[in-house]
Amino acid sequence: MHSIRFGLRSLLKAPGFTAVAVLTIAITIGANTALFSVYQRLVLNPLDLPDAGRLVRIWTNNPDRNLVAPILSVPKYEFFRDHQQSFESITTNSFNSHILTRPGADPEQLNSLNVSASFVHTLGLALARGRGFTTEEDTLNGPPACLLGYDLWKNRFGGREDLVGSAIVLNGVPTTVVGILPQHLPAPIAFIQLCVPRPFELPGLTPPQVQGGAGFLQATARLKPGVSFEQADAEIRTLAARYQQAFPDKLDAFANNELKTWIEEQVGPVRPTFVLLLTAVGLVLLIACANVSNLFLGRLSARTKEIAVRLSIGASRAQLVRQFLVESALFCFAATALGVLAAWWSLAGLQRFLADQLPPDTEFSLSGGVLLFSIGLCALASLAIGLVPAMQASRVNLSETLKDTARGAPGGVRGGRFRTILIGAEVALSVVLLVGSTLLLVSFVRLQATPAGFRTTGIASAFVGLPIERYATYDQQADVYYQMVEHLQADPRVTHASITSGLPLSGFNSRGVYAVDGRPVPPVPERPIATLNAISEDYFALMGIPVKSGRRFSRTDVRTSPGVVIINESFARRLFPDGNALGQHLLRGQKADIKMEIVGIVGDTKSNGLNTPPPDMLYQPVRQSLGTNALSLAAATTGDPGKLQAVIRSAVASADRTLAISAFTTMDTALQQSLGFQRIVAWMTGGFSVVALVLSAVGLYSVLAYAVAQRTGEIGLRMALGADRRQVLTLILTQGMRIVALGLLVGLAAAAGGAQLLRSQLYGISALDPAVFAGVAIVFSAVALLACLIPSLRAARVDPLVALRTD
């Protein structure tokens with residue numbers, strides 16, 4: 001307690017140093033704490049489910065066919081389900097949509113899952129009310145039943161307790177509500193509003209497609225106690241090989257399968273981003289610690305007489321080191337308290353900043369684990385800041401101190417060398433951070449400027465699902481969609497309108513196998529795969545996709561006319577290197593008996609993201625496509641596309657008042673969301689690097705200013721012996737820039753090695769781009785020169801007579 005009281009008095013006597021030290025460390029600890037809170041929520045604890053680590057999903061892994069996704073076919077799922085020995089339970093689901101109709105309210109389209117009866121048990125969901133599905137409800141033609149989403153139950157039905165057991169109308173069919181889902185669902189099902197049984201009954205797929213191996217199911221399993229992930233993964237790989245031998249004619253016969261934990265599936269894509277951000281903010285903390293340590297050493301150097309007196313009256317060196325470490329711990333504790341407060345305040349801002357990239361209902365908080373992390377940072381910062389200065393300051397005796405003081409250089413040679421090392425380390429760390437952030441920023445700018453191949457402004461879309469109970473045939477489905485398009489085209493605010501099964505960047509593109517007419521037709525499992533898009537005639541004009549050759553679709557391209565298809569440019573070049581794609585025929589279907597003539601070639605579109613190559617695209621007319629009960633309406637305008645929501649809703653109502661829209665969005669929003677994480681990483685690391693640059697410049701300035709103050713007598717003597725102001729200026733500048741040069745060399749070398757870790761996150765720029773490295777070196781040298789110039793000019797203005805008289 002004596003040490004604490006003495007330390008508090010000592011810090012209060014130096015309010016300037018204390019304020020700078022506390023604020024510098026508080027800012028960096030606050031940033032680390034806030035970012036770690038986000039990391040803990042999204043990476044360390046992404047699932048709020050019992051024994052979440054035992055939940056796994058079965059993935060199809062076939063990179064040769066560009067198919068790496070958590071999807072299975074019905075036959076393969078059944079084969080795995082019936083032969084596996086590693087799972088306590090297994091379930092499956094498929095994404096769907098249903099239309100909810102209520103008396104006195106507009107129809108509402110709901111995001112839904114068709115799930116098997118074991119869904120609730122396998123995931124360990126704690127239902128808010130009611131029960132899960134029974135085996136009877138999950139069988140073909142079983143009684144209609146559903147699980148309502150918690151928010152839907154609260155907002156649409158007022159949280160009625162008697163709703164469970166009652167019927168609601170879904171797709172025109174009275175359906176019994178058997179339970180209410182939990183309030184918070186984990187990704188990727190966080191947006192689900194409704195669950196119904198029978199995942200194998202997905203509208204739009206024909207029985208031959210389902211039994212032929214078309215992949216549309218997501219399979220989730222819970223490992224048995226005592227069964228390791230590696231054992232289960234090996235079993236699934238073995239079963240996949242057995243499936244290939246048993247069903248060689250299935251579409252997915254040669255697709256490999258593997259397991260991923262549900263946690264890894266969610267955090268795998270974002271973990272590198274957070275590791276990068278935590279590394280960046282950690283470097284800023286190190287730079288801040290080096291800066292404050294430098295200030296602390298200067299402060300202790302000014303207390304040499306106090307130290308000498310305490311040593312002379314019997315204080316041990318260990319006692320002095322303890323006292324100085326207590327002082328370091330005191331201002332670091334105050335900084336941590338302030339930093340935690342700043343982190344708590346900034347988490348709401350971070351949540352808004354990341355909103356477009358987060359699952360629904362995600363909340364950040366300062367949990368016990370986060371507070372322990374902050375306390376750990378406080379302890380590390382206290383040691384990093386105080387230990388070496390305490391050791392340096394206590395390693396003196398009275399005669400050495402008097403000698404150093406006579407020369408006007410408290411702290412001695414060791415103190416000056418340590419300050420130089422600290423500044424060199426600051427420079428090196430700042431350069432590493434600047435190089436990394438500049439690479440990411442340039443990459444993001446180039447990615448954002450990459451031509452997408454389609455219009456990214458003035459377009460809005462909404463998903464419209466048709467109940468198969470009332471629109472059973474393909475022609476009925478196409479007719480009602482065309483009525484909606486005609487209503488849109490009649491609106492003066494709409495310049496173009498179209499139907500599409502998958503807009504770019506939507507993630508809702510289907511795929512299918514094909515063969516080339518006139519060439520050997522491979523077995524179904526070996527045929528290449530292309531992305532399919534069913535569209536109406538105005539689609540290319542709406543999206544601004546150029547027709548390179550041939551024609552667009554016309555209203556005469558119907559089911560009774562010859563099959564036609566339009567493909568994209570790179571696909572055409574690869575299929576027909578001689579350039580004669582027009583007039584050629586592609587074959588679709590399990591038996592390759594659906595013949596389609598290539599009537600047009602269009603420009604490439606980066607449909608899966610600006611940083612991915614254009615996929616092979618097969619465009620089909622809506623009236624010749626199979627399964628047209630789940631399409632999107634898209635409209636273009638010269639005004640604000642956000643205002644088209646009411647227009648699209650009106651167009652749907654004009655065709656059928658019982659239908660509804662969902663997933664309304666604009667192409668601008670879709671593009672910004674696709675660039676979300678790249679933007680976050682670029683701007684956040686850029687902000688951290690600016691802070692690091694400022695801290696390094698301030699540190700360099702403080703060291704040189706301190707050196708000038710301690711060498712005033714020496715400078716006065718030099719000038720009295722004939723040195724002019726320019727020579728003094730050059731002397732101090734050289735001293736500072738020598739430190740900078742050494743730090744730059746070390747930093748650039750370290751950055752060259754560290755930049756290799758960024759390769760996977762860079763687009764259109766090399767990790768060793770010479771312009772970036774040279775630019776960072778020039779910018780940092782210019783800032784450092786400015787930081788050195790101010791104390792150098794002060795030294796050049798020293799009056800020799802005053803300096804000598806003072807010394």
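The values are calculated or read from the model by the stated rules, or taken from the named source; none is laboratory data. On a predicted model such as this, the values are computed, not experimentally measured, just so you know. Glycine also receives a Cβ, built like all others from the backbone with ideal geometry; neighbour counts cover every protein chain displayed. For accessibility, only protein heavy atoms count, side chains too; no ligands or nucleic acids. Shrake-Rupley method; radii C 1.70, N 1.55, O 1.52, S 1.80 Å.
Condition test on Thr420, is it over 36 Å from the mean Cα position of the chain (by Cα) and in a helix (DSSP H, G or I)?
Yes.
Of all residues being open to solvent by 70 Å² or more (accessible area, probe 1.4 Å) and touching a residue at least 12 places away in the same chain (Cβ under 8 Å) in the range 758-769, which is farthest from the chain's Cα centre (by Cα)? Just the residue, please.
Leu768
Return the residues of the range 447-482 that are open to solvent by 30 Å² or more (accessible area, probe 1.4 Å) and part of a strand (DSSP E or B); say none if nothing qualifies.
The answer is Phe463, and nothing else.
If we scan the range 639-659, do we find a residue that is touching a strand residue (DSSP E or B) at 6+ places or on another chain (Cβ under 9 Å), open to solvent by 40 Å² or more (accessible area, probe 1.4 Å) and hydroxyl-bearing (Ser, Thr, Tyr)?
The answer is yes; a qualifying residue exists.
Which of the residues that make up the range 409-431 are open to solvent by 30 Å² or more (accessible area, probe 1.4 Å) and modelled with pLDDT of 75 or more?
If the condition is that a residue be open to solvent by 30 Å² or more (accessible area, probe 1.4 Å) and modelled with pLDDT of 75 or more, then Thr420, Ile421, Ala425, Leu429 are the ones that fit.
Return a yes/no flag: does the range 3-25 have any residue that is surrounded by fewer than 16 Cβ atoms within 10 Å (Cβ to Cβ), aromatic (Phe, Trp, Tyr) and in contact (Cβ under 8 Å) with a residue 24 or more places away in the chain.
The answer is yes, given that some residue of the range 3-25 is surrounded by fewer than 16 Cβ atoms within 10 Å (Cβ to Cβ), aromatic (Phe, Trp, Tyr) and in contact (Cβ under 8 Å) with a residue 24 or more places away in the chain.
What single numbered condition from (1) over 27 Å from the mean Cα position of the chain (by Cα); (2) open to solvent by less than 70 Å² (accessible area, probe 1.4 Å) fails to hold for Lys591?
Single failed check for Lys591: (2).
I'd like to check something: does the range 33-43 contain any residue that is modelled with pLDDT of 90 or more and under 30 Å from Gly298 (Cβ atoms)?
There is at least one residue in the range 33-43 that is modelled with pLDDT of 90 or more and under 30 Å from Gly298 (Cβ atoms).
Hey, among Ala592, Ala636, Ala670, which residue is farther than 22 Å from Tyr514 by Cα and modelled with pLDDT under 90?
None of the other options fit; the residue is Ala670.
Output the residue which, of all residues in the range 173-189 that are outside any loop (DSSP other than H, G, I, E, B) and in contact with a strand residue (DSSP E or B) (Cβ under 8 Å, 6 or more places away or on another chain), is surrounded by the fewest Cβ atoms within 10 Å (Cβ to Cβ).
Once the filter is applied, the top-ranked residue is Pro174.
State whether the residues of the range 214-233 include one that is touching a His at 6+ places or on another chain (Cβ under 9 Å) and surrounded by fewer than 20 Cβ atoms within 10 Å (Cβ to Cβ).
No, the conditions are met nowhere in the range 214-233.
Provide a single number: the residues in the range 516-548 that are touching a His at 6+ places or on another chain (Cβ under 7 Å) and either free of Cβ contacts under 8 Å to residues at least 12 places away in the same chain or in a helix (DSSP H, G or I) (or both).
The total comes to 2.
Based on this model, can you work out whether Arg552 counts as assigned to a loop (DSSP other than H, G, I, E, B), basic (Lys, Arg) and in contact (Cβ under 8 Å) with a residue 60 or more places away in the chain?
So Arg552 fails the test.
Specify the residue that is surrounded by the most Cβ atoms within 10 Å (Cβ to Cβ); the eligible residues are those in the range 239-264 that are under 35 Å from the mean Cα position of the chain (by Cα) and assigned to a loop (DSSP other than H, G, I, E, B).
So the residue we want is Asp252.
Give me the pairs: first residue in the range 610-635 and among the β-branched types (Val, Ile, Thr), second residue assigned to a loop (DSSP other than H, G, I, E, B) and at pLDDT 90 or above, beta-carbon distance under 7 Å, and six or more apart or on different chains, which are they?
Thr612/Lys606; Val622/Ser536
So, in the range 48-98, exactly how many residues are open to solvent by less than 20 Å² (accessible area, probe 1.4 Å), part of a helix (DSSP H, G or I) and more than 16 Å from Glu264 (Cα to Cα)?
Residues in the range 48-98 being open to solvent by less than 20 Å² (accessible area, probe 1.4 Å), part of a helix (DSSP H, G or I) and more than 16 Å from Glu264 (Cα to Cα): 5 in total.
For the range 483-502, which residues satisfy the criterion of being under 22 Å from Ile99 (Cβ atoms) and either open to solvent by 10 Å² or more (accessible area, probe 1.4 Å) or assigned to a helix (DSSP H, G or I) (or both)?
Listed by number, the residues that qualify are Gln483, Met484, Val485, Glu486, His487, Leu488, Ser501.
Please work out which residue is farthest from Val120 (Cα to Cα), limiting yourself to the range 190-212 and to residues that are surrounded by fewer than 19 Cβ atoms within 10 Å (Cβ to Cβ) and among the β-branched types (Val, Ile, Thr).
Residue satisfying both the conditions and the ranking: Thr206.
Filter the range 135-154 down to residues that are free of Cβ contacts under 8 Å to residues at least 12 places away in the same chain and more than 19 Å from Asn93 (Cβ to Cβ) and give me whichever is surrounded by the fewest Cβ atoms within 10 Å (Cβ to Cβ).
Applying the filter and picking the extreme gives Asn141.
Considering only the range 155-172, I want to know if a residue exists there that is closer than 18 Å to Glu469 by Cβ, assigned to a strand (DSSP E or B) and without any contact (Cβ under 8 Å) to a residue 12 or more places away in the chain.
Among the residues of the range 155-172, at least one is closer than 18 Å to Glu469 by Cβ, assigned to a strand (DSSP E or B) and without any contact (Cβ under 8 Å) to a residue 12 or more places away in the chain, which makes the answer yes.
Six or more apart or on different chains, Cβ atoms under 8 Å: show the pairs whose first residue is in the range 375-392 and under 9 Å from Leu325 (Cβ atoms) and in contact (Cβ under 8 Å) with a residue 40 or more places away in the chain and whose second is open to solvent by 10 Å² or more (accessible area, probe 1.4 Å) and among the aromatic types (Phe, Trp, Tyr).
Ser382/Phe333
Taking the range 99-123, which residues are in a helix (DSSP H, G or I) and hydrophobic (A, V, I, L, M, F, W, C)?
Phe119, Val120, Leu123, listed by residue number.
Test Val602 against the criterion of being at pLDDT 95 or above and over 24 Å from Thr495 (Cβ atoms), and give yes or no.
no
Residue-wise test of (1) closer than 18 Å to Ser506 by Cα; (2) not polar (S, T, N, Q).
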residue	(1), (2)
Thr605	yes, no
Leu610	yes, yes
Pro615	yes, yes
Gln624	no, no
Leu633	yes, yes
Pro641	yes, yes
Ser650	no, no
Ser654	no, no
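Name the residue that is farthest from Leu671 (Cα to Cα), counting only residues in the range 447-498 that are small (Gly, Ala, Ser) and free of Cβ contacts under 8 Å to residues at least 24 places away in the same chain.
Only one residue tops the list, namely Ala472.
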